[in-house]
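Asks: Pasting in a structure now, in structure tokens, and then I'll have a few things to ask.
Each value in this text was obtained by applying a stated rule to the coordinates, not by laboratory testing. Since this is a predicted model, take the numbers as computed values, not measurements. Note that each Cβ is placed from the backbone with ideal geometry, even for glycine, and that neighbours are counted across all protein chains shown.
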Amino acid sequence: MSASKGPPFRFYGRRQGKKQSRRQNDLLAELLPRLTPDPDHLPDGDIWLEIGCGGGEHIVSQAAANPDVTLLGCEPFLEGVAKTLTEIEERDLHNVLLHGDDARPLLEAMPEACIARTFILFPDPWPKTRHNKRRFINPENLDRLARVIRPGAGLRIGTDHMDYARWILRHLLDHPAFEWTAERADDWRQSPADHFETRYERKARDKGDRPVFFEFVRRA
């Protein structure tokens, strides 16, 4: 079953930015269809999911560092998809799948307990109060994640927006499927040892903001 056959979702945010180069258009036309995941025929072995992989800085670095793992990225912004495809081609990576659309229909279509690790790094904070309901971290999406993440598997969420950080903690701590692993403040104030910096994170640090990283595990 194709993920596009899932239920309709209202999407907030940009789909397109500046015009793509000829090379990027070629990658979107030729490489993206080959890398688009079929939720009914996912690869064997461990699959790590990144929701909102942006320009691909983190996902391609994880793929290069973990060649025995399949990295599955979701990114609805066309410019980010094109940049990720460029990185995949330039690094000659063969363990990346890319869903160039909203993650929610794919989560609905994937089998249960198929994901061995999940990353959600610097999602749009939708800072205005009236827009908070647009945030990806919400009870419905946590239910979707809980269904596809294996028991014992990790969920890492990073943000530089402190109101969203409080929102993330509140919703994850309220959800019965997830447990926060932090034992001391440095567990969330410091970048994880196996983390790769994203462009958005670099911008935040350049502004003087201090990102935080929350590590959760899927309860059995």
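Asks: With the crude spin-label approximation of a point 7 Å out along Cα→Cβ, what separation in nm comes out for Ala64 versus Asp186?
Replies: According to this spin-label approximation, the distance is 2.9 nm.
Asks: So, in Å, what gap is there between the alpha-carbon centers of the stretch 176-196 and the stretch 45-81?
Replies: 20 Å
Asks: So what are the ³J(HN,Hα) numbers for the stretch 208-219, from phi and the Karplus equation (6.51, -1.76, 1.60; θ = phi - 60°), rounded to whole Hz, Gly and Pro as x?
Replies: x, 6, 10, x, 10, 10, 9, 10, 10, 10, 7, 5
Asks: Name the long-range amide H neighbours of Leu97: under 5 Å, sequence gap of 5 or more, or other chain; modelled H, no Pro or chain starts.
Replies: Leu71, Leu72, Gly73
Asks: If you don't mind, there's one more thing I want to ask. For a quick check: with amide H placed at 1.01 Å from N, whose amide H comes under 5 Å from Asp46's, ignoring anything fewer than 5 positions away on the same chain?
Replies: Counting only residues 5 or more places away or on other chains, the set is Thr70.
Asks: Here's something else I'd like to know. If we count trypsin sites (Lys or Arg not before Pro) as exposed when they sit in a DSSP loop and have at most 10 other beta carbons within 10 Å, what is the longest stretch of the chain that avoids them all?
Replies: Between exposed loop sites, the widest span is 20-127.
Asks: While we're on this one: Sort Ser21, Ser191 so the one with the fewest other Cβ atoms within 10 Å of its own Cβ comes first.
Replies: Final ranking by Cβ density, sparse to dense: Ser21, Ser191.
Asks: On a straight-distance basis, which aspartates and glutamates could pair with Lys203 in a cross-link, Cα separation under 15 angstrom, same-chain partners fewer than 8 positions away excluded?
Replies: List returned: Glu57, Asp124, Asp160.
Asks: Per DSSP H run of at least 4 residues, take -39500 (n - 2.57); add these up for the chain, divide by its residues and hand me the 222 nm value, nearest 500 deg cm²/dmol.
Replies: Value at 222 nm, helices only, nearest 500: -10500 deg cm²/dmol.
Asks: In sequence order, what are the phi-derived ³J(HN,Hα) couplings for the stretch 130-138 according to the Karplus relation 6.51 cos²θ - 1.76 cosθ + 1.60 with θ = phi - 60°, rounded to whole Hz, with x for glycine and proline?
Replies: After applying 6.51 cos²θ - 1.76 cosθ + 1.60, I find 5, 9, 4, 5, 7, 4, 5, 6, 8 Hz.
Asks: Where the only charges are on Cβ atoms (+1 Lys, Arg; -1 Asp, Glu), what is the dipole of the stretch 15-218 about its Cα centre, to the nearest 20 debye?
Replies: Using Cβ point charges on Lys, Arg, Asp and Glu, the stretch 15-218 gives about 1000 debye.
Asks: A further question follows. What shape does the chain take by its C-alpha gyration tensor, where a ≥ b ≥ c are the square roots of the eigenvalues and a/c under 1.5 counts as rounded, a/b above b/c as prolate, and the rest as oblate?
Replies: Values: a/c = 1.39, a/b = 1.23, b/c = 1.12.
Note, shape of the chain comes out rounded.
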